[in-house]
Amino acid sequence: MIYLQLLGGFVLLLGGAEFLVRGAVQLAARLGVSPLIVGLTVVAYCTTMPELFVSLEAAFRGAPGIAIGNIVGSNICNLLLILGAATCVYPLAVEPREVRFEGCAVMGVTLLFLGLALTGSLSLFDGVLLLVCLAAFTVISYRRARSGHGAPEVEETATDRPLWMVLGTFAIGLGCIVAGSNLLVEGAIGLARVIGVSEAVIGVTVVAVGTSLPELATAVVSAYRRHPEVAVGNVLGANIFNLLAIGGVVATVHPLDIPGHLLDIAVWVMLAATIALVSWLMFRGRFGRPAGLLFLAVYAAYVLVEYGPSAGAG
């Protein structure tokens, strides 16, 4: 039953994210919003919806390990597993100056989140601070887009479908994500109890990978279609939104204590992976297959450490 809940949650999250993004892009297109602005705002917010709803659901169920572990674990997954897999499909290369702003932003946001987490909890004040930073990042990104900088444009989905169908697509996606979040959290809590590891470990691995499936699909397809800047931008943007939007909303709605296990390992792995990727991109600009294989190996080693003797639920 537990595994069916996990599988059902993953399927609903992935399908829901697909419907949600399609509906959001089509709605924005009908309203005459620039495709670039859609990519920077609507799509970016929508692809983080699985993480948001899973973390909120876990917070309200009294499972802070899954709520916070999902945020941190998703960022680790994005940096090591997703970019590593995308690079194995096709080497990624970007102009260092094109990712300088996003690289500095994700580095600064990661350090801010780490500093707040090391206090042992995320309070209402912390949540508001993260949301204020999110608003500032969104405004700066919008202004850079208007001046011709930032991420490349996404394709505008021309549609002559009735508005009710577009809104229906959006609603179906949102409903699937809510239902999938509920199933995934229930299954994750049950799995943690059955195999005898902490909820934080399940959150930072199993749940994080499941909620990162939309980013994984986007990065791999982008690499296959020879659009490396999309894959890299997707990961950097997703990590910023995970920490600011999801961390901010969860802490504002339901302040949480940070499980000690996450402070021992996960947050430091997230910081190290962020420094490694940003440094590599800003000084080399090319992310080849050897580097991708290295990132995959590091992620595998990290998961093995998470499920080691210290992972007990206690």
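The values are calculated or read from the model by the stated rules, or taken from the named source; none is laboratory data. Just so it is clear, the model here is predicted, and its values are computed rather than measured. Reconstructed Cβ throughout: ideal geometry from the backbone, glycine too, with neighbour counts over all protein chains shown.
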(1) touching a Gly at 6+ places or on another chain (Cβ under 6 Å); (2) within 16 Å of Ser55 (Cα to Cα) all hold for Ala179 apart from (1)
Residue hits (the range 102-133; surrounded by 17 or more Cβ atoms within 10 Å (Cβ to Cβ) and within 21 Å of Gly285 (Cβ to Cβ)) are Glu102, Gly103, Ala105, Val106, Met107, Thr110
The residue from Glu215, Glu199 that alone is buried (at least 24 other Cβ atoms within 10 Å of the Cβ), at pLDDT below 75 and among the charged types (D, E, K, R) is Glu215
Every listed condition ((1) surrounded by fewer than 24 Cβ atoms within 10 Å (Cβ to Cβ); (2) at pLDDT 75 or above; (3) touching a Leu at 6+ places or on another chain (Cβ under 9 Å)) holds for Val232 save (1)
Q | Test: Ile258 is modelled with pLDDT of 90 or more, under 12 Å from the mean Cα position of the chain (by Cα) and within 24 Å of Thr119 (Cα to Cα) | A | no
Of Ala136, Ala158, Ala145, the only residue that is in a loop (DSSP other than H, G, I, E, B) and either modelled with pLDDT under 80 or under 30 Å from Ile68 (Cα atoms) (or both) is Ala158
